[in-house]
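Participant: Pasting a structure here, questions to come.
The values are calculated or read from the model by the stated rules, or taken from the named source; none is laboratory data. On a predicted model such as this, the values are computed, not experimentally measured, just so you know. Note that each Cβ is placed from the backbone with ideal geometry, even for glycine, and that neighbours are counted across all protein chains shown. With ligands, DNA and RNA removed, areas are computed over all heavy atoms of the protein, side chains included. Shrake-Rupley method; radii C 1.70, N 1.55, O 1.52, S 1.80 Å.
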Amino acid sequence: MDFLSPVLDGFGVVFQPDNLLYCLLGVTLGMLVGVLPGLGPAATIAILLPITYNIEPTSAIIMLAGIFYGAQYGGTITSVLLRLPGEASSVVTAIDGHEMARQGRAGAALGIAAIGSFIGGTISIVVLTFVAPLVSGFAIDFGPAEYTMLALLGILLVTTLGTGSILKSLAMATLGLLLATIGQDPLLGTARLTFGSDQLLDGIDFVIVAMGLFGVGEILYNLESLRRKAPKATEVGSVYPTRKDLSESKGAIARGSASGFLLGILPGGGATMSSMVAYAVEKKATKRPERFGKGAIQGVAGPESANNAAATSSFIPLLSLGIPANATMAIMFGALMLQGITPGPLLVDEEPQLFWGVVNSMYVGNLLLLAMSLPLIGIFVRILKVRAAILAPLTILITMIGVYTVRNNVFDMFLVLALGVLGYLMKKVGFEPGPLVLAFVLGGILESAFRRSMRTFDGELTGFLGEPIAATLFGAIVLLVVLSALRALRTRKKANKNKENDVPPAERRPEDRGEQRDRDPAEHVR
């Protein structure tokens, strides 16, 4: 009963009229964001951060969480009807979902996606309810040494387990750590990397970094890809899957929910990786893999269950350990900090209403999404016809107003624009902003915990090995570095081998062609 009491109190928080309203607002905005290609939940949450200043903390986080998991639903609609993923996590859904639409089964694809998303999200929430307090209970004894290793492990996981280049991710993480040191030294009070500017003495606010890189940067980058004609949507038809559809999809939904939950917890995983893994699993599990790419309903059910399960489970490391698992969670971390709330092991005991209010709001949010997703399809398709040339300047204007309201400082507006241009250039050359933002958020935790640890250990680095949990985390860091190095070597060897295979036969050396330098067979016999 001691465990159930705060959980039930959390439902009391959720069913307060204002929190229900913010939950509804969040999931609706999330679906809208998912439908609009390019914007994404991270950019939207970053843009809305200034608005949360005047909202009660629990309501603000409920709304922002609704945007995150609501976007997973919205991206499915355009993936199926237009083969235009509104979200990165819906890319694989477009493969078989749009093929089903071309066969006149768009409604069935959207229906099974909604059902799979609801089941995957709900299963993940149930497990989250029981797992998150256990993780918090385990981590409540963490000290500076443990947090040092945990923050370092989180940064390395995000940079090494992502889908992009490890070196590029590490470069972005290093830049994020560097930006986190700008301002006054937290212990000595001396100025660092301010270049004589009084405006930088307080450091760079997280809101500025998030709104610049994700808000302005993403908008500038996506303007190039959004210069297109309004797409023509396929007719939806009946949205109710048949018994055969449900029978074929139940295994995919179960597997997608399980893999999505596990990958969502892992830093660097998230909804996108989960959906891709789920699609690959379904191709391996089916007896008829030739159907994939031609309208297999399992190719919709598995990924959609996985991305919603992952979106929910990624809250576990954030709320329980204070470690964001992906870029969107890093912005959620910043939103909590702006409200004066520090995510971590103590959150369950110190802020039970907020913790259980946010967790339980996901039950309500999933029900709202299931009820709203299909009836609003027609409206969302019409929204797609609004030109990007109209939406982009309007979004930039809202962003700049929001930036100014944070500290009423014009310098912040120029800083956001500079970071926006930086974010745009990073994306152009293949550098993702996610590792930078995560390292920026974790940089403060890492520096503070490391310096406190050094004081405790009298400056001896070997002191970390004397703490069992810290030593275990250090072992995990070493193992991760070794595995990443091996993976990089294997990738390099494979690339060199492919490069050799691409060389025309006439340009190859004799020994590469398996030939003797002495080319006269008769002379060789003699």
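Condition check ((1) farther than 25 Å from GLY344 by Cβ; (2) modelled with pLDDT of 75 or more; (3) touching a helix residue (DSSP H, G or I) at 6+ places or on another chain (Cβ under 7 Å); (4) exposed (fewer than 12 other Cβ atoms within 10 Å of the Cβ)) across all residues:
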residue	(1), (2), (3), (4)
THR462	yes, yes, no, yes
ALA471	no, yes, yes, no
LEU483	yes, yes, no, no
ARG490	yes, yes, no, yes
ASP518	yes, no, yes, yes
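Participant: Write out, first by first residue and then by second, each pair whose Cβ atoms fall under 6 Å of each other, whose residues are 6+ apart or on separate chains, and whose first residue, in the range 408-436, is free of Cβ contacts under 8 Å to residues at least 40 places away in the same chain while the second is of a type outside the set (S, T, N, Q) and assigned to a helix (DSSP H, G or I).
Facilitator: Note: pairs meeting the criteria are MET413/MET400; MET413/VAL403; MET413/TYR404.
Participant: Among the residues of the range 377-399, write down those that are among the aliphatic types (A, V, I, L, M), at pLDDT 70 or above and buried (at least 17 other Cβ atoms within 10 Å of the Cβ).
Facilitator: Going through the range 377-399, the residues among the aliphatic types (A, V, I, L, M) turn out to be 377, 379, 381, 383-384, 386, 388-392, 394, 396-398.
From the residues that got through so far, the ones that are at pLDDT 70 or above too are 379, 390, 392, 394, 396-398.
Selection gives ALA392, ILE396.
Participant: A follow-up question, please. Within the range 171-186, track down each residue that is of a type in the set (S, T, N, Q), outside any loop (DSSP other than H, G, I, E, B) and touching a residue at least 60 places away in the same chain (Cβ under 8 Å). Break it down stepwise before answering.
Facilitator: From the range 171-186, those of a type in the set (S, T, N, Q) are 174, 181, 184; that's our starting set.
Subsequent filtering for residues that are outside any loop (DSSP other than H, G, I, E, B) retains 174, 184.
Matches in the range 171-186: THR174 only.
Participant: Next up: Is it the case that some residue within the range 413-434 is open to solvent by less than 80 Å² (accessible area, probe 1.4 Å), farther than 25 Å from ASN326 by Cα, modelled with pLDDT of 75 or more and assigned to a helix (DSSP H, G or I)?
Facilitator: Here is the first cut: in the range 413-434, the ones open to solvent by less than 80 Å² (accessible area, probe 1.4 Å) are 413, 415-424, 426-427, 430-431, 433-434.
Add one more test, that the residue is farther than 25 Å from ASN326 by Cα, and what stays is 413.
Narrowing the set further to residues that are modelled with pLDDT of 75 or more leaves 413.
From the residues that got through so far, the ones that are assigned to a helix (DSSP H, G or I) too are 413.
Yes, the range 413-434 has at least one match.
Participant: Could you pull out the residue among ALA271, ALA280, ALA310 that is assigned to a helix (DSSP H, G or I), within 13 Å of the chain's Cα centre (by Cα) and either acidic (Asp, Glu) or at pLDDT below 85 (or both)? Lay out the reasoning, then the answer.
Facilitator: Details: ALA280 fails: within 13 Å of the chain's Cα centre (by Cα); ALA310 fails: either acidic (Asp, Glu) or at pLDDT below 85 (or both).
Selected residue: ALA271, the only one of ALA271, ALA280, ALA310 that is assigned to a helix (DSSP H, G or I), within 13 Å of the chain's Cα centre (by Cα) and either acidic (Asp, Glu) or at pLDDT below 85 (or both).
Participant: Please note which helices (runs of 4 or more DSSP H) are completely contained in the range 327-380 and include at least 3 residues that are closer than 23 Å to ILE123 by Cα.
Facilitator: On the way: elements: 327-338, 347-350, 352-372.
It comes to 327-338, 352-372.
Participant: Return a yes/no flag: does the range 31-45 have any residue that is modelled with pLDDT of 80 or more and not in a helix (DSSP H, G or I).
Facilitator: no
For (1) crowded, with 19+ Cβ neighbours inside 10 Å; (2) at pLDDT below 80; (3) polar (S, T, N, Q), each residue gets a yes or a no:
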residue: ALA114; (1), (2), (3): yes, no, no
residue: SER124; (1), (2), (3): yes, no, yes
residue: ILE155; (1), (2), (3): yes, yes, no
residue: LYS168; (1), (2), (3): no, no, no
residue: LEU188; (1), (2), (3): no, yes, no
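Participant: Find the residue count for the range 343-359, including only residues that are open to solvent by less than 20 Å² (accessible area, probe 1.4 Å) and more than 18 Å from PRO317 (Cβ to Cβ).
Facilitator: Filtering the range 343-359 down to residues open to solvent by less than 20 Å² (accessible area, probe 1.4 Å) leaves 343-345, 347, 354-359.
From the residues that got through so far, the ones that are more than 18 Å from PRO317 (Cβ to Cβ) too are 357.
Count: 1.
Participant: Can I ask one more? Confirm whether LYS229 is modelled with pLDDT of 80 or more and more than 25 Å from ILE166 (Cβ to Cβ). Walk me through how you get there before you give the answer.
Facilitator: On the way: modelled with pLDDT of 80 or more: no; more than 25 Å from ILE166 (Cβ to Cβ): yes.
Spelling it out, it is not the case that LYS229 is modelled with pLDDT of 80 or more and more than 25 Å from ILE166 (Cβ to Cβ).
Participant: Taking the range 182-219 as the search range and keeping residues that are out of contact with any strand residue (DSSP E or B) (no Cβ under 9 Å at 6 or more places or on another chain) and of a type in the set (Val, Ile, Thr), which one is nearest to GLY423 (Cα to Cα)?
Facilitator: Here the answer is VAL216.
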